[in-house]
Amino acid sequence: MGRNNHRPRSLPLLALLLLLLALGTLGTAYGAWTQSLVVSGSVTTGNLSARWVRVSCSDEAAPAGPGVATPSLTIDPSDASVAIFQLSNGYPGYEVTCSLKYENNGTVPWVVQGHTILAGANLSGCSLTGYQTKTLSCDQIQIVWWDGIGSQVQPGDKLGSALDVLIKAGSAPGSSYGFTVLHQVGL
């Protein structure tokens, strides 16, 4: 008499059903023990704003020359981030030092990223060089600017800068020159 080596086919099917039942029970239990949480809110960022608040020029040590040179440094009334320099009756060797102060009038701190000096219409052959100290050198005039790149300014605080203007040899006496200074700030 031979032995029947035949397994019942229902055993794997029964194991599969028990496994599905166990997984279903675990899923139901997990679902009963978990909960969804919805979070809502708003984020308000601050205001990034900088403006020139004081500008002035002094030429006390200016050499005597023909006529009287008249420097003027003003804040643009339509954009307080723009300072405008004008010089009338300039002559070779005339030098003037200007100080500028700008303020963080926003609500977040910012960092000085740089300044741009834009040559006026009466200036030619200009090139701007430098990083911390910038020099705008034109055929008629040289401007050296210290700009404080990397300085962090808190809301309400002020930071000063300075520039020197020199009328170069060979410039026509009685000439007028101008340039504009823009500052760039960021987070």
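The values are calculated or read from the model by the stated rules, or taken from the named source; none is laboratory data. As the structure is a computational prediction, the values presented were derived from the model and not from experiment. Because the Cβ atoms are built from the backbone with ideal geometry, glycine has one as well, and the counts that use them run over all protein chains shown.
Contact map, the stretch 153-177: first residue within 24 Å of Leu48 (Cβ to Cβ), second residue assigned to a loop (DSSP other than H, G, I, E, B) and not small (Gly, Ala, Ser), Cβ cut-off under 8 Å, separation 6 or more or different chains; pairs are Val153/Pro109; Gln154/Pro109; Pro155/Asn105; Pro155/Thr107; Pro155/Val108; Pro155/Pro109; Gly156/Asn105; Ser161/Asp147. In the set (1) assigned to a loop (DSSP other than H, G, I, E, B); (2) crowded, with 16+ Cβ neighbours inside 10 Å; (3) in contact (Cβ under 8 Å) with a residue 60 or more places away in the chain, the condition left unmet by Thr97 is number (1). Could you list, in sequence order, the residues of the stretch 160-177 that are in a strand (DSSP E or B), farther than 9 Å from Cys98 by Cα and of a type in the set (A, V, I, L, M)? Matches in the stretch 160-177: Leu166, Ile167. So, in the stretch 1-60, of the ones that are of a type in the set (D, E, K, R) and surrounded by 10 or more Cβ atoms within 10 Å (Cβ to Cβ), which residue ends up modelled with the lowest pLDDT? Within the stretch 1-60, the match that is modelled with the lowest pLDDT is Asp59. In the set (1) polar (S, T, N, Q); (2) closer than 14 Å to Ile167 by Cβ; (3) surrounded by fewer than 17 Cβ atoms within 10 Å (Cβ to Cβ), the condition left unmet by Thr74 is number (2). Could you please let me know if Val68 is touching a strand residue (DSSP E or B) at 6+ places or on another chain (Cβ under 9 Å), farther than 18 Å from Val53 by Cβ and among the hydrophobic types (A, V, I, L, M, F, W, C)? When the stated conditions are applied, Val68 passes them.
In the set (1) under 15 Å from the mean Cα position of the chain (by Cα); (2) over 24 Å from Ser56 (Cβ atoms); (3) not in a loop (DSSP other than H, G, I, E, B), the condition left unmet by Val108 is number (3). Please verify whether Thr129 is under 20 Å from the mean Cα position of the chain (by Cα) and within 30 Å of Gly46 (Cα to Cα), treating the condition exactly as stated. When the stated conditions are applied, Thr129 does not pass them.
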